[in-house]
Amino acid sequence: MKTNITTITDIKALKPVIKALKLEGKTIGFVPTMGYLHEGHISLIKRAREENDFVAVSIFVNPTQFGPNEDFEKYPRNFERDSAMCEEAGADLIFHPSPQEIYPQSYMTYVEVNEITEKLCGASRPGHFKGVTTIVNKLFNLVEPDRAYFGQKDAQQVAVIEKMVKDLNMNLQIIPCPIIREGDGLAMSSRNTYLSQSERAAALILSKSLFKAEEEIKSGSRSKAQLMDMIVSNIKSEPLAEIDYIEIVDAKTFRAIDTLEGDILIALAVRFGKTRLIDNLRLEV
Ligand code: PAF
């Protein structure tokens, strides 16, 4: 579905638009992104379109969620392409602020969720989730959505944001949406564009290992140790893969589990050359 999309870059111009929508009683669906959109983002926008009167997308590469040696500067950006994709998917508005608009020189305030941010990606990327919760909080305050849509590929991010919304009594619904994969299984990510051809081929080991784990669980395997061994040795069989973490945790609390039962999440982060990819599988056992 095509719309006449509006782009707003400053907060002053955004406020009256949101105020008018609220006065008209319109529901707002919101998809926060860092741009360089792919089919995963598009699925979120389409879902937001189905469930709300108005759909806003933010495109902002958030500096506070990148560590000093991470890829903030070289994170892929292409606003024209993103804008056309948002329009095609049915979004009404793109909020595309500059870093100065969001973090002026006098900026001092951060939002932090404890415990679930300390493991997995939080352990490998110190400060990352503090940057995420801060920007998401600011964007929620600016866009005032009724529903916000996030991809389950970033399962820990979804859990952290859900916790923030609950703990801070924020008045919106978080809608987690399924991982969208390429035809060969690779989970879609803006960072896939960094991969060389051989790294791209090697990265298929992630989804293959997760699908194999799913098969084993579905055919009755209940040993966490055996499952971990299988996933680790599978991924290590790929010479270009360098494991950051592989963990099986409770999908809601991100606490370690001893037995494969309940709502579980197999989460992994693996480097291929300079590119760190994450993927996961959530299962009710
Ligand atoms: O998932 C992302 O793209 C980012 O972490 C988000 C939620 C847009 C915050 O910058």
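For the stretch 191-221, which residues satisfy the criterion of being within 18 Å of the chain's Cα centre (by Cα) and either open to solvent by 40 Å² or more (accessible area, probe 1.4 Å) or among the aromatic types (Phe, Trp, Tyr) (or both)?
Step one: list which residues in the stretch 191-221 are within 18 Å of the chain's Cα centre (by Cα), which gives 191-194, 206-207.
The answer is 191, 193, 194.
Which ones in the stretch 30-61 are in a strand (DSSP E or B) and within 15 Å of the ligand (Cβ to nearest atom)? 30, 31, 32, 33, 56, 57, 58, 59, listed by residue number.
With respect to the conditions (1) without any contact (Cβ under 8 Å) to a residue 60 or more places away in the chain; (2) in contact with an Asp or Glu (Cβ under 6 Å, 6 or more places away or on another chain); (3) crowded, with 19+ Cβ neighbours inside 10 Å, residue 35 falls short on a single one, namely (1).
Screening the candidates 140, 129 for the property of being crowded, with 20+ Cβ neighbours inside 10 Å, under 19 Å from residue 45 (Cα atoms) and within 12 Å of the ligand (Cβ to nearest atom) yields one hit, 140. Within the stretch 84-117, the set of residues being within 18 Å of residue 143 (Cβ to Cβ) and open to solvent by less than 20 Å² (accessible area, probe 1.4 Å) comprises 86, 89, 90, 91, 93, 94, 95, 97, 102. Residues in the stretch 15-29 that are among the small types (Gly, Ala, Ser) and assigned to a strand (DSSP E or B): 29 only.
Of everything in the stretch 173-190, what is open to solvent by less than 50 Å² (accessible area, probe 1.4 Å) and either in contact with a Ser or Thr (Cβ under 7 Å, 6 or more places away or on another chain) or among the aliphatic types (A, V, I, L, M) (or both)? Give them in sequence order. Once the filter is applied, which keeps residues that are open to solvent by less than 50 Å² (accessible area, probe 1.4 Å) and either in contact with a Ser or Thr (Cβ under 7 Å, 6 or more places away or on another chain) or among the aliphatic types (A, V, I, L, M) (or both), the stretch 173-190 yields 174, 175, 177, 179, 185, 186, 187, 188. Restricting attention to the stretch 46-65, the residues being touching a helix residue (DSSP H, G or I) at 6+ places or on another chain (Cβ under 7 Å) and in contact (Cβ under 8 Å) with a residue 60 or more places away in the chain number 7. Residue 18 passes every criterion in (1) over 16 Å from residue 98 (Cα atoms); (2) open to solvent by less than 50 Å² (accessible area, probe 1.4 Å); (3) within 16 Å of the ligand (Cβ to nearest atom) apart from (3). Look at (1) in contact (Cβ under 8 Å) with a residue 24 or more places away in the chain; (2) surrounded by 19 or more Cβ atoms within 10 Å (Cβ to Cβ); (3) in a strand (DSSP E or B) and you find that residue 235 fails only one, number (3). Would you be able to say whether some residue in the stretch 248-263 is surrounded by 20 or more Cβ atoms within 10 Å (Cβ to Cβ), in contact (Cβ under 8 Å) with a residue 24 or more places away in the chain and not aliphatic (A, V, I, L, M)? There is at least one residue in the stretch 248-263 that is surrounded by 20 or more Cβ atoms within 10 Å (Cβ to Cβ), in contact (Cβ under 8 Å) with a residue 24 or more places away in the chain and not aliphatic (A, V, I, L, M).
When residue 244 is tested against (1) touching a residue at least 24 places away in the same chain (Cβ under 8 Å); (2) open to solvent by less than 10 Å² (accessible area, probe 1.4 Å); (3) outside any helix (DSSP H, G or I), just one condition goes unmet, and that condition is (2).
The values are calculated or read from the model by the stated rules, or taken from the named source; none is laboratory data. Values in this document were obtained by computation on a predicted structure and should not be read as measured data. Methodologically, a virtual Cβ is constructed for each residue, glycine included, from the backbone with ideal geometry; neighbour enumeration extends over all protein chains shown. When the accessible area is computed, the model is the full protein with side chains, heavy atoms only, and any ligands, DNA or RNA have been set aside. Shrake-Rupley method; radii C 1.70, N 1.55, O 1.52, S 1.80 Å.
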